[in-house]
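Peer 1: Please find one structure pasted underneath; my questions will follow.
Taken together, the values in this text are just the output of simple stated rules run on the coordinates, not laboratory data. All of these numbers come straight from a predicted model, not from anything done at the bench. In this analysis, Cβ positions are derived from the backbone assuming ideal geometry, glycine residues included, and neighbour counts consider all displayed protein chains.
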Amino acid sequence: MASLSSLPVELIERIYDFLDPGTHLDFSLISKSLAYHSRDLLEHHRQCRERLRTAHVSTHDLTARNLLNTIAQDHVAAWHIRDLELSSSGTSPLAEVDRYALEVDLYGLLEARLWSPMVNRIPQPTSTLDAIHKALEDCSLSTKQFILLTALCTRLRTLKLHAFERSASNNDASHENAEPVEELAGLLLLLSSQESSASLAIWPPGLQTLRKLVLHGSDARYPFPNTDLAPHTVASFFLLPTISTVHLTKMRWEARHQPIASNHPPSAVRHTILEHVQGPAANEVVNQLIAMAPNLTSLFLRACSFDGGNVCEPDLPCHQLERVVFDGRADSLSEFYHHLGFPWNHLAAMKAIKILTLDVLDMMPCSTRRSMVEVKYKGEGREEFLQRFVDSIPPTLEVLMLQHPPHQRLNDREMQKVGDALMRLVEEKRCPGLEAIYADKFEGWMHGMRNQWGAATPGNWLEDVQVLMKNRGIAMYGQKDEGATNRFIEKVCSELC
C-alpha cells in the first residue's frame with residue numbers, strides 16, 4: 001500500500017481539505033502516544049482545538065508555548081491555519097517561551113521544515129545561502145519560534161504582528177531580547193536578494209502563500225507610539241513573493257531612521273492601508289514604499305500626519321491607482337496631491353481611478369484658505385476653473401468622496417462653488433460610470449453661517465445638486481449621516497483582504 005507521502009501533492013492537499021483539524025490532531029497525539037504521557041499537552045490541545053477549526057489562531061487567546069507545542073505535533077492541523085496573529089509583547093509574547101518548556105525539538109524542526117528543503121532546492125551553495133544559515137543560527141530564540149510558525153503554517157493567508165516595543169536590554173550581545181520582527185526582516189532581505197527567490201525556492205512555506213500582512217505598532221504613549229520599527233524593516237515585508245495587501249498602523253518614523261534602499265526588486269503589493277502613521281520622515285518613507293510597488297492600485301490614509309512634506313509625489317507611479325481614499329486629519333488631503341495643495345495636474349495622470357477623495361477646498365478657484373493656490377491661479381475665472389476641474393477628473397471614476405476640514409466652516413458662496421463643480425461634472429457626463437457621491441454632513445458644513453439679516457442661508461444650490469443627482473441615477477450619501485463615509489471605507493477595506 002502506497003504511503004501518503006508518495007501521492008501527488010495536489011491530491012494530498014485535497015485530502016487535507018476534507019480532514020477536521022481537531023479530530024486529526026486527536027489522532028496524531030494518540031498515534032504518537034503523546035496523549036498518555038503529557039498532561040500539559042492535553043490541556044494545550046483543548047485550548048487549540050476549536051481555534052484550529054476556525055482557521056484563525058492568535059497568541060492573544062492562546063499562549064505562544066501552547067501554540068508551538070500543539071501545531072508542531074501535527075502538520076495537518078497547522079495546514080488549516082489561514083490567519084495567524086502574533087505578538088512580540090503583551091500577555092503572551094513569543095519571547096516568553098523557553099526552549100526547555102517546548103515539548104518539540106525547535107532546532108530539529110527548523111532544520112527539517114525550513115533549512116533542508118531550502119538547501120535541496122538550491123543545488124549550488126552560494127554566499128547568500130551561507131548568510132541565511134548564519135542568520136538563522138544567530139537569531140534570538142523568539143525569532144526562531146516566529147520563523148518556525150511561518151514554516152509550519154503552510155497555507156497562511158493573513159499574518160498580523162503586534163507591538164514592536166524595545167526593551168532596555170535589546171542591545172545585549174546575546175540577542176536573546178532582540179525584536180523578532182526586525183530579525184525576521186533581515187532574513188527576508190537576504191531571501192529577496194537571492195536570484196532563485198522569484199521561484200519561491202527558499203522562502204518559508206507560510207510566507208510563500210501570504211496575501212495580507214498587518215503590522216501594528218505599540219499603543220504605548222499613543223499618539224506617539226514607542227515603536228522602533230525601521231523603514232527598511234517594513235520594506236522587507238513588501239518583498240514577500242505573493243503579498244497583496246499591507247496594513248500599517250501606529251508607526252512613527254524619525255529623520256534618524258535609515259532610508260529604504262532604492263535597489264530592491266519590485267513589490268507585488270497592490271493595496272496599502274496606513275493608519276496613524278506620523279513623524280518627520282513619514283512622508284519620505286511612504287513615498288519610498290509607494291515607489292517599491294509599481295502595481296499599487298489602492299492607497300488608504302487614515303488619521304495620518306505628514307509633517308515633513310508631501311505624499312505620493314507626481315513623479316511616482318500613479319497611473320494604475322484605482323482607489324485613493326483619505327480620512328481623518330484635514331491636512332493629509334492636500335498633502336497627497338501637490339505641494340501647492342492643488343490636485344488637477346496629478347489627477348489627470350490617474351487614468352484608472354475608480355474611488356477618489358477630494359478636499360472641498362480644492363474645488364473652488366482662488367481659495368482664500370490657501371494663499372499659495374490663490375497666487376498661482378490668481379485671475380482665473382469661474383468658468384475656466386470649472387472646465388479645468390471637469391477635464392482633470394478621470395472618466396473611470398465611480399465613487400467620489402468629499403472631505404471637509406472639521407475645524408473650518410464654509411460660507412454659502414464657497415459651498416455654492418462646490419455645488420457648481422459637482423453639477424458641471426455630472427452635466428457634462430465625463431464620468432459615465434459615476435454611481436455615488438459621499439459627503440458627510442454636507443448640509444452641516446454651512447451650519448452657523450448667517451446672512452445679513454441673521455437668518456440661516458442654506459441656498460437653493462443644494463436642492464439643485466440633489467435633484468440633478470437623483471435624475472442621473474447618482475446616489476448621494478452622508479448629507480446628514482456622518483457615518484456613511486466611514487462605513488463605505490470599511491466595506492472597501494474588507495473587500496481588499
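Peer 1: For the stretch 241-254, what does the Karplus curve 6.51 cos²θ - 1.76 cosθ + 1.60, with θ = phi - 60°, yield as ³J(HN,Hα) per residue in whole Hz, taken in order and with x for Gly and Pro?
Peer 2: Per residue, the Karplus-derived 3J(HN,Hα) values read x, 10, 5, 10, 10, 10, 10, 10, 9, 6, 10, 9, 10, 9 Hz.
Peer 1: How would you rank 386-394, 281-289, highest first, on the average number of other Cβ atoms within 10 Å across their residues?
Peer 2: The packing order, highest mean first, is 281-289, 386-394.
Peer 1: For Leu358, which sequence-distant residues (separation of 5 or more, or a different chain) have an amide H within less than 5 Å of its own amide H, given hydrogens modelled in the peptide plane?
Peer 2: Met401, Leu402, Gln403
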